[in-house]
1. Which aspartates and glutamates, on any chain, are close to LYS101 with Cα under 12 Å apart, when same-chain ones fewer than 8 places away are left out?
2. Order 109-120, 141-152 from most to least packed using the mean count of other Cβ atoms within 10 Å.
3. Using a 10 Å cut-off on Cβ atoms, rank the peptides 41-47, 53-59 from the highest mean neighbour count down.
4. Quick one: 3J(HN,Hα) in Hz for the range 25-42, Karplus 6.51/-1.76/1.60 with θ = phi - 60°, rounded, Gly and Pro as x.
5. Using a cut-off of 23 Å between alpha-carbon atoms, which lysines can reach LYS116, once sequence neighbours fewer than 8 places away in the same chain are excluded?
6. Mind checking the full-extension length gain between ASP43 and ALA20? Use 0.36 nm per residue of separation minus the Cα-Cα distance, one decimal, nm.
7. Over the chain, calculate the relative contact order: mean separation of alpha carbon pairs under 8 Å at least 6 apart, over the residue count, as a percent.
8. How much FRET efficiency would the formula 1/(1 + (r/R0)^6) give for GLU58 and LEU124, where r is the Cβ-Cβ distance and R0 is 22 Å, rounded to 0.05?
Amino acid sequence: MSAEAVVRRFYDAFARGDAAAMNACYASDVTFSDPVFGELHGDRARAMWTMLCGNLREFSLTYELLEASGEIVRGRAVATYLYTSTGRIVRNEITGTFLCKDDTIVRQDDVFDLWKWSSQALGLAGTLLGWTPMMKRKIRSMATVRLERFINRG
């Protein structure tokens, strides 16, 4: 299977909110990174998707592949969802870079504007402070705590 096909399978599963199918696209030692969770490895990355997909509300995802060259694929996804902590709708534009080997994703680096995300998700506090290093650390800390609780409850 081509790297492009693996990434399409991943995004199609994401659009369905199917964490198991998304995680099946990952190598056992996958590395994932994004502005909220930082860098996650292996089972922690898979747990993040399981947690996020389990909480999806009013969710939709569209995507397009921007380029594919050998083992590397770049895609752009737009995820729209209800951020349940605040009841606010978020439209997050994400650029993902995937490294694929042996029909699996071994590395995924997602990039998006954290200030724009925090403005939508957190309202006025996110708009006023979302660009600051302090708020970025707080957002990452809150995500880490949520993920730890999710992992430890199971």
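1. GLU4, ASP29, GLU71
2. Values: 109-120: 18.0, 141-152: 13.3.
Taking the mean over residues of other Cβ atoms within 10 Å, the ranking is 109-120, 141-152.
3. Working: 41-47: 16.9, 53-59: 14.1.
Going by the mean number of other Cβ atoms within 10 Å, highest first, we get 41-47, 53-59.
4. 7, 8, 5, 4, 10, 3, 10, 10, 9, 7, x, 8, 8, x, 9, 10, 10, x
5. Leaving aside lysines fewer than 8 places away in the same chain, those within reach of LYS116 are LYS136, LYS138.
6. Working: separation 23, 0.36 × 23 = 8.28 nm, distance 1.21 nm.
Gain on stretching ASP43 to ALA20: 7.1 nm.
7. On the way: 277 pairs, mean separation 34.7, N = 154.
The value is 23 percent.
8. Details: r = 22 Å, r/R0 = 0.98.
The value I calculate is 0.55.
Read-outs throughout are calculated quantities, based only on the coordinates presented, and are distinct from any laboratory measurement. What you are looking at is a predicted structure, and each value in this text was computed from that prediction instead of being measured. Glycine also receives a Cβ, built like all others from the backbone with ideal geometry; neighbour counts cover every protein chain displayed.
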